[in-house]
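Down below is the structure, laid out as structure tokens.
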Amino acid sequence: MKKLSLMLAFVLVFALVLVACSDETDTESTPATESSVAATESTEASTEASTEASTEESTEASTEASTETSVEESSEAPAVGTVNLAADKTYTHSVLFRQGAAGYDPEAPISYPDESGKSFTDGILPEDNAAFTVEEWVGFNAQDPDYEGCHWIIVDLGEKKDLAKYVFKYGTSALTAGITSPATIEIYVSDDGETWGDAIAGDVPNDDPFSVNGVYEAYGTASGRYVKFSFTSAGWAFISEVEVYGVAE
Ligand SMILES: [Ca+2]
């Protein structure tokens, strides 16, 4: 009887060891899966890093030689060039608001003007915690009687280009005083500055209550000389810069 009990006890212990081993096997397999995921992620990261590096190198190498020629080759998902094609280019824009003592006043000066006529393409941005009164901001307001349902800035790139990326820099609600990020933003491209077709990109820009400088980046391929940034607001919208990037050569 004792022998039988011992044998039963031995079988029980053996079974427990087996269960413990299988648990151990399970727990071991989990980190192995995680590490393979981590390995995949790091591979993706290094691929991105090397793509960026090679893009920069090839762009730097070809910038001087090809400044005057437009890009002719493109693929379904082209790499983006690093040169801001809108830098220092001329532009036109929709009406700027004239704030009087009781709202709009046609006799009042433009409240937040584009003093230099270059504010949107001069590469100069407000400092991180700048007030809305600094000259780097240009103020649009939907309460203007000449508001057309959207505000707009049209940049003339000087010649037709193959385009891939569009950047729009705006003031957020961190500016206070009733200023918010634009309600919507849409990008259009045109050969003649008059016929625009469908928007090639658009969205609701993020509002960042911790920074006055908001950035909207959009991607979409199109060929054209003129780029229109069309945006809406309920009240004030403050804009500091627009940028356009071509397809990398
Ligand atoms: Ca600027």
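Every number in this text was worked out from the coordinates using simple rules, so none of it is lab data. In this text the structure is predicted, and so the values were computed from the model without any measurement. With ideal geometry, Cβ positions are generated from the backbone for all residues, glycine too; neighbour counts draw on all protein chains shown.
Results, tabulated for the structure shown:
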| quantity | calculated |
| --- | --- |
| For the range 239-244, 3J(HN,Hα) per residue [Karplus equation, 6.51 cos²θ - 1.76 cosθ + 1.60, θ = phi - 60°, Hz, x = Gly/Pro] | 10, 10, 6, 10, 9, 9 |
| Low-density loop cleavage sites - chymotrypsin sites (Phe, Trp or Tyr not before Pro) in the range 159-249, where at most 10 other Cβ are within 10 Å (DSSP) | PHE210 |
| The range 129-244 - Kirkwood radius from inverse mean 1/r over Cα pairs (Å) | 14.5 |
